[in-house]
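Data first, discussion second: the structure below is written as structure tokens.
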Amino acid sequence: MKLNIVPARTGIQWVKLGIRTFFKRPLALASLFFMYAAGASLLSLVPYLGWLLALAIVPAATLGLMAATEDAATGHFPMPTVLLSAFRAGRERMRAMLVLGLLYAGACMAVTLLANMLAGMPAGGPAELDQQAMLSPQFQLMMLVTLVLYLPVSLLFWHAPALVHWHGISPQKSLFFSIVACWRNLGAFTLFGLGWGAVILTLGMMLAAMAVVTGQPEITAGAVLPLGLLVASMFSTSLYFTFRDSFVATPEDDAQPNGDSP
């Protein structure tokens, strides 16, 4: 396995491929994303460890959605069991994915605690998360700091699940190779982010225009959540293509399935 450097314009191609592939199997891919979201929501309700468990399954779920995208892109119908791909690749890789999940949960918890500290918020956030609390400068500062701190965490784990599953890379080295790949393809990932930002902005403007034309903002407001989940489904579909084009398989991958050479 070796790193592949792509032109910056590839970032826009990733966005297009994600949307195009999603509409090949919209019901299947949307359902799989909703299943993951529902599962994470249920896990978060577990007393004391809920949020930790919900965060720990993110790498495995990301891999499952990427495997579903691969199925859809190659003309196959992704079945619900594809979400469990991370746990069906042998004991060693399953253990590695669990380690990756714990590392991700720990990193997210650390980001949240650090952001609260830097913004001067209590550890659990505001006592009541109402509209007034969310509009307070302190809460907005906390959200901004959280986004800034989460960015490197996101890059560390961007390719890591796929590297662990498809290339047998150890969890620690997968994090290193992931952030290196993102950095070396910074132009493509920048346009990828801007492309999805443009999609979200365009949809938001369309909803606002519909609210003005119909004079019924409550109807369009009700469409925000399902539309947001649909966009999130398409975004998750595009993740597979960022990995596929950032790494190239080599003959050594077949000869040494558990190797960790870049």
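Just a few scattered comments:
- When ARG20 is tested against (1) farther than 29 Å from VAL180 by Cβ; (2) without any contact (Cβ under 8 Å) to a residue 12 or more places away in the chain, just one condition goes unmet, and that condition is (1).
- A count restricted to the stretch 61-76 and to residues that are over 13 Å from the mean Cα position of the chain (by Cα) and either assigned to a helix (DSSP H, G or I) or at pLDDT 95 or above (or both) stands at 7.
- Screening the stretch 131-187 for helices (runs of 4 or more DSSP H) wholly inside it with 1 or more residues that are in contact (Cβ under 8 Å) with a residue 12 or more places away in the chain and charged (D, E, K, R) returns the ranges 171-184.
- Looking across the stretch 194-218, the residues that are over 18 Å from GLN13 (Cα atoms), of a type in the set (A, V, I, L, M) and either surrounded by fewer than 12 Cβ atoms within 10 Å (Cβ to Cβ) or in contact (Cβ under 8 Å) with a residue 40 or more places away in the chain (or both) come down to LEU201, MET205, ALA209, VAL212, VAL213.
- Considering residues of the stretch 245-261 that are among the charged types (D, E, K, R) and in contact with a helix residue (DSSP H, G or I) (Cβ under 8 Å, 6 or more places away or on another chain) only, the residue modelled with the highest pLDDT: ASP245
- Residue among GLY187, GLY222, GLY228 that is surrounded by fewer than 16 Cβ atoms within 10 Å (Cβ to Cβ) and either modelled with pLDDT of 95 or more or among the hydroxyl-bearing types (Ser, Thr, Tyr) (or both): GLY187
- The single condition from (1) closer than 29 Å to LEU191 by Cβ; (2) touching a residue at least 12 places away in the same chain (Cβ under 8 Å); (3) not aromatic (Phe, Trp, Tyr) that THR74 fails is (2).
- Members of the stretch 1-50 found to be surrounded by 14 or more Cβ atoms within 10 Å (Cβ to Cβ), of a type in the set (Ser, Thr, Tyr) and over 25 Å from PHE247 (Cα atoms), listed by number: SER31, TYR36, SER44
- Residues of the stretch 1-60 classified as more than 25 Å from VAL164 (Cβ to Cβ) and part of a strand (DSSP E or B), total: 0
Listed here are the residues, each with its yes/no results for (1) touching a helix residue (DSSP H, G or I) at 6+ places or on another chain (Cβ under 9 Å); (2) modelled with pLDDT of 95 or more; (3) of a type outside the set (A, V, I, L, M); (4) buried (at least 19 other Cβ atoms within 10 Å of the Cβ).
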| position | (1), (2), (3), (4) |
| --- | --- |
| LEU103 | yes, yes, no, yes |
| LEU114 | yes, no, no, no |
| GLY120 | yes, no, yes, no |
| GLY125 | yes, no, yes, no |
| LEU135 | no, no, no, no |
| PRO161 | yes, yes, yes, yes |
| GLY168 | yes, no, yes, yes |
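- Selection status of LEU207, part of a helix (DSSP H, G or I), at pLDDT below 95 and either hydrophobic (A, V, I, L, M, F, W, C) or touching a Ser or Thr at 6+ places or on another chain (Cβ under 9 Å) (or both): yes
The values are calculated or read from the model by the stated rules, or taken from the named source; none is laboratory data. In this text, all values refer to a predicted model and were calculated from it rather than measured experimentally. Quick reminder, even Gly has a Cβ in these numbers, built from the backbone with ideal geometry, and neighbours come from all protein chains shown.
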